[in-house]
Amino acid sequence: MPFFRPLPLMTAASVAALAVLIALGTWQMQRRAEKHEFLGALADKAESEPVSLEVALTSADPRYVRVRIEAPANCE
């Protein structure tokens, strides 16, 4: 009958590696939730009506805002 003896160093390394992998998996799930939230906000802004550049630049969050720019009539 073979004799099994757990090695304390290998056991500690395995437990530490498991803890790191669980932490990384948790972090990935949090990043996934943040990305879904961002993509939802981006989709809402993409469906909104375009605003003038002045209004967009004075808004609280001018990122990813649809902007309407009109050229002057005498532009040649």
* Using a Gaussian network model of the chain whose springs link C-alpha atoms within less than 10 Å, name the residue from ALA33, ALA60, ALA23 with the highest mean-square fluctuation. => ALA60
* Asked: Taking only DSSP H segments of four or more residues, each worth -39500 (n - 2.57), what value at 222 nm results for the chain once the sum is divided by all its residues, to the nearest 500 deg cm²/dmol?
  -> -21000 deg cm²/dmol
* **Dipole moment magnitude, nearest 20 debye, segment 19-76 about Cα centre, only Lys, Arg, Asp, Glu C-beta charged** => 400
* Accessible area per residue, Å², the chain with all protein chains present, probe 1.4 Å -> 95
* Structure fact -> Rounded to the nearest 10 degrees, the helix 8-47 long axis (Cα) sits at an angle to the longest Cα principal axis of the chain of 20
* Asked: Please state the relative contact order of the chain as a whole percent: Cα pairs under 8 Å, 6+ residues apart?
  -> 21
* **Amide H partners (placed H, <5 Å) of VAL67, local residues excluded** => VAL51
* May I ask which residue of PRO2, VAL67, MET29 lies farthest towards the positive end of the charge dipole of the chain, with charges of +1 (Lys, Arg) and -1 (Asp, Glu) on Cβ and the Cα centre as origin? => PRO2
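The values are calculated or read from the model by the stated rules, or taken from the named source; none is laboratory data. What you see is a predicted model; the values in this text were computed from it and never measured. As a convention, Cβ positions derive from the backbone with ideal geometry for all residues, glycine included, and neighbour counts pool all protein chains shown. These area figures cover heavy atoms from the full protein model, side chains too; ligands, DNA and RNA do not enter into them. Shrake-Rupley method; radii C 1.70, N 1.55, O 1.52, S 1.80 Å.
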